[in-house]
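Have a look at the structure below before the remarks.
Each reported figure results from applying straightforward, stated rules to the coordinates on display, with no laboratory input. Everything quoted here is computed from the prediction, not taken from an experiment. Note that each Cβ is placed from the backbone with ideal geometry, even for glycine, and that neighbours are counted across all protein chains shown.
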Amino acid sequence: MRPSDLELLHVPGAPAALPDGTRAVVSVVRPDLTTDEYVGHLWSVDLEGEEAPRPLTRGHRDTSPEVSPDGRWVAFLRAEPEGKPQVHVVEATGGEPIRLTDAPLGASEPRFSPDGTRIAYVARVPEEGRYAADGKPGSEDPRHITELKYRSDGVGFFRDRPQHVFVVEVPADSERPTALPDAVQLTVGDVGVSGVRWLPSGDGLVGVSARHASRESDLRSDVVRIDAAEQGDPVPVTDADAGSTLGVDAVLPSADGATLWILASDLGPTGRDFVATQAGLYRLALDRAGAVPERLTDPEQDQVTGVLAELDGDPLVVVERRGAAHLVRVGPDGAATTLVGGTHVVSGAAVAAGRIVVTASTPTTPGEVFLVDPTTGTVVALTDVGAELRGTGRTRVPVELVATSPDGYEVHGWVVTPDEGRFGAGPHPTILMIHGGPFAQYTHGLFDEVQVLAEAGYAVVLGNPRGSSGYGRAHGLAIQRGFGTVDTDDVLALLGAALEDPALDGERVGVMGGSYGGYLTAWLTTRTDRFVAAIVERGFLDPISFVGSSDIGWFFGLEYLGDTGDEAGAAALAAQSPMAHVGRVRTPTLVIHSEQDWRCPVEQGQRWFVELKRRGVHAELLLFPGEGHELTRSGNPKHRAVRFEHVLRWWSTHLPVEG
């Protein structure tokens with residue numbers, strides 16, 4: 001890939017299927033460098049394989065399709081240029097969409113009621129006098145903050161704009177209404193709700209909310225029930241006030257209304273035991289008084305990232321496995337059957353008339369729509385949205401790599417080499433790339449960061465050291481109170497194994513990473529001078545100042561690295577802190593940070609740059625205005641392209657490609 005090839009990253013969202021199983025509707029979105037926005041439409045995909053996918057809508061950015069129970073309507077979100085997403089409906093056969101909402105900060109999560117006459121959605125409700133489109137922040141009243149939780153990356157301040165549930169009527173016929181229908185707000189107050197789903201009875205919804213008394217000092221959240229007929233407080237279904245230790249991420253009612261499928265993490269007695277805690281699938285029987293959630297997936301091995309659909313009464317979930325994300329069917333006894341495995345990275349699924357349709361990325365595409373036969377296990381691609389990018393000839397397929405750390409631990413990763421036809425057989429300058437998290441994983445899916453470097457002539461080594469997800473809880477826990485220990489050993493072991501290939505140049509090696517990857521990149525430069533240069537991006541660099549400045553600072557560093565409560569604790573924290581050892585760094589370093597990053601605040605990067613600069617180390621600072629922590633994944637398209645250009649400029653200066 002070249003930086004300009006960002007426009008060719010066509011990514012499908014989660015699919016929605018028509019009830020008869022004949023078609024699916026999916027959004028396909030891409031970065032647009034001209035408008036500097038993300039643009040895309042809804043597509044109708046034939047599940048019977050008789051015709052090619054066709055566009056269903058042609059808006060600026062149409063996403064999040066939801067099909068009505070009778071198959072007539074498709075609800076979706078449409079955002080006009082520089083506008084907020086609003087709920088629309090369009091007939092499943094096509095036509096002119098009808099707008100249903102005018103939420104001042106935008107709407108999300110449209111869900112049809114079981115009878116198809118109403119749509120529930122969530123929207124943030126701004127405090128009077130704030131967040132007006134033409135308002136001036138400088139003229140607003142000050143924010144009086146009394147709790148630890150008040151700001152979130154990608155959202156900003158949220159206590160003055162809680163997210164609430166609304167319901168709006170669906171047009172009774174296809175005639176265009178002369179005015180927007182009245183939206184009924186079902187929840188109020190300063191506690192938000194997300195992830196709403198209708199109960200099959202239609203008299204209520206379930207969602208997720210941190211409504212318990214100690215919500216300001218822990219990470220728990222509950223499944224709550226919301227009355228669909230009148231405004232009121234959500235009623236807890238799981239109950240942290242009564243002792244539930246769950247942090248609920250999502251909930252899906254069963255088709256018969258007897259069960260709730262819950263995606264949650266057990267956060268322990270403190271409600272903050274999040275380090276490498278495997279999110280799992282829970283079953284809660286609604287037809288049995290006093291029932292409590294029962295975990296069905298393995299708490300030591302299975303990191304479940306989504307509960308997507310139900311097939312004949314069994315939930316379909318996504319489980320991380322060694323750089324993949326598999327679609328797994330979970331039986332009543334917890335027995336797991338993999339429906340989509342291999343190198344697929346599943347992101348969405350829908351079921352209709354016994355057919356399963358999924359969206360997933362692979363090593364050769366950023367995402368496609370697949371039809372899955374649950375009986376034979378056959379997985380057939382129904383789209384080829386990655387064809388244009390693949391057709392450039394500027395993508396490379398990673399080769400899996402297994403290395404052994406000094407203590408004998410097996411480490412899994414990949415190596416990508418540039419096109420031999422243009423760059424020769426090597427040895428190629430090599431870049432070690434480290435992911436964030438740390439409880440996250442690099443995957444088999446096509447990754448623009450790697451592809452841009454390979455297209456420029458670099459070999460790239462990447463993998464999932466201890467601390468990562470997808471390899472079991474023990475793998476993720478290995479670095480608690482031990483940042484910069486076995487994780488350092490693991491990434492260097494991967495690099496060493498890759499450099500055994502003569503196509504890679506062991507004398508010309510750079511290192512880069514973002515977030516926790518920025519931490520480990522900086523940490524490596526405090527421990528060795530073997531890297532000719534480094535890129536430290538949105539780094540977690542000083543755990544002490546992080547506590548007071550990050551949106552997760554009040555718990556993240558304290559649980560992962562420890563506290564400075566006594567002399568021993570302070571020494572242990574310093575032993576894991578890059579900033580405490582910055583004086584050892586001699587490696588030329590490019591620091592990249594976003595000015596609106598609330599996850600790893602910009603002061604982390606600024607201070608790293610200043611400390612290097614004043615010690616005579618060659619350093620540069622690249623700041624992106626208006627961007628948050630997710631710049632490389634969802635930032636403004638032009639900023640993403642410019643960032644790539646600076647990254648390539650930096651490496652061409654310090655790690656030039658020969659020939």
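General remarks:
- Helical mean residue ellipticity (222 nm; -39500 (n - 2.57) per DSSP H run of 4+; nearest 500) of the chain: -4500 deg cm²/dmol
- Each part gets one Cα centre, and for the range 1-49 versus the range 103-164 those centres are 27 Å apart.
- Mean-position separation - Cα centroids, the range 76-92 and the range 406-430, in angstrom: 44
- Anisotropy class of the range 117-245 from Cα gyration tensor, a/c 1.5 cut: oblate
- Protection proxy ranking, highest mean first, for peptides 341-348, 50-57, 224-231, 542-549: 341-348, 542-549, 224-231, 50-57, where packing is the per-residue count of other beta-carbon atoms within 10 Å, averaged.
- The range 396-654 - Debye-derived log10 I(q)/I(0), Cα point model, q = 0.16 Å⁻¹: -1.24
- Two-decimal Rg/Rh across the chain, once Rg and the Kirkwood Rh are taken from alpha-carbon atoms: 0.95
- Look at the Cα gyration tensor of the range 275-351: its axes a ≥ b ≥ c give a/c of at least 1.5 with a/b at or below b/c, and that counts as oblate.
- Neighbourhood net charge (13 Å Cβ-Cβ; Lys/Arg +1, Asp/Glu -1) for residue 528: +2
- Distant-in-sequence amide H partners of residue 469 (H built 1.01 Å from N, under 5 Å): 440, 441
- Residue 613-residue 255 FRET efficiency (beta carbon distance; Förster radius 60 Å; 0.05 resolution): 0.50
- Three-way shape label, the range 186-295, alpha-carbon gyration tensor, a/c 1.5: oblate
- Per-residue HN-Hα couplings for the range 364-371 [Karplus 6.51, -1.76, 1.60; θ = phi - 60°; Hz; x = Gly/Pro]: 10, 8, x, x, 9, 9, 10, 9
- Applying both filters, DSSP loop and at most 10 other Cβ atoms within 10 Å, to the trypsin sites (Lys or Arg not before Pro) of the range 1-82 gives 58.
- Average Cα contact separation per residue, the range 30-185, under 8 Å, 6 or more apart, as relative contact order %: 15
- Residue-wise HN-Hα couplings along the range 13-18, as the Karplus relation 6.51 cos²θ - 1.76 cosθ + 1.60 with θ = phi - 60° gives them from phi, are x, 5, x, 10, 10, 5 Hz; Gly and Pro carry x.
- Peptide ranges 263-272, 420-429 listed from the most packed, as the mean C-beta count within 10 angstrom indicates: 263-272, 420-429
- Proximity of backbone amide H atoms, modeled 1.01 Å from N, is registered between residue 513 and 434, 535, 537 at under 5 Å, excluding neighbours fewer than 5 places apart on the same chain.
- Calculated FRET value between residue 630 and residue 96, using beta carbons and R₀ = 35 Å, to 0.05: 0.55
- Taking other C-beta atoms within 10 angstrom as a stand-in for reagent exposure, 139, 44 fall in the order 139, 44, fewest first.
- Counting neighbouring beta carbons within 10 Å and listing from fewest to most, the residues 166, 157 come out as 157, 166.
- Spin-label model distance (nm) - residue 151 vs residue 231, 7 Å beyond Cα toward Cβ: 3.1
- Residues in the range 118-140 that a label on residue 82 would reach, taking backbone N under 12 Å of a point 7 Å out along Cα→Cβ: 134
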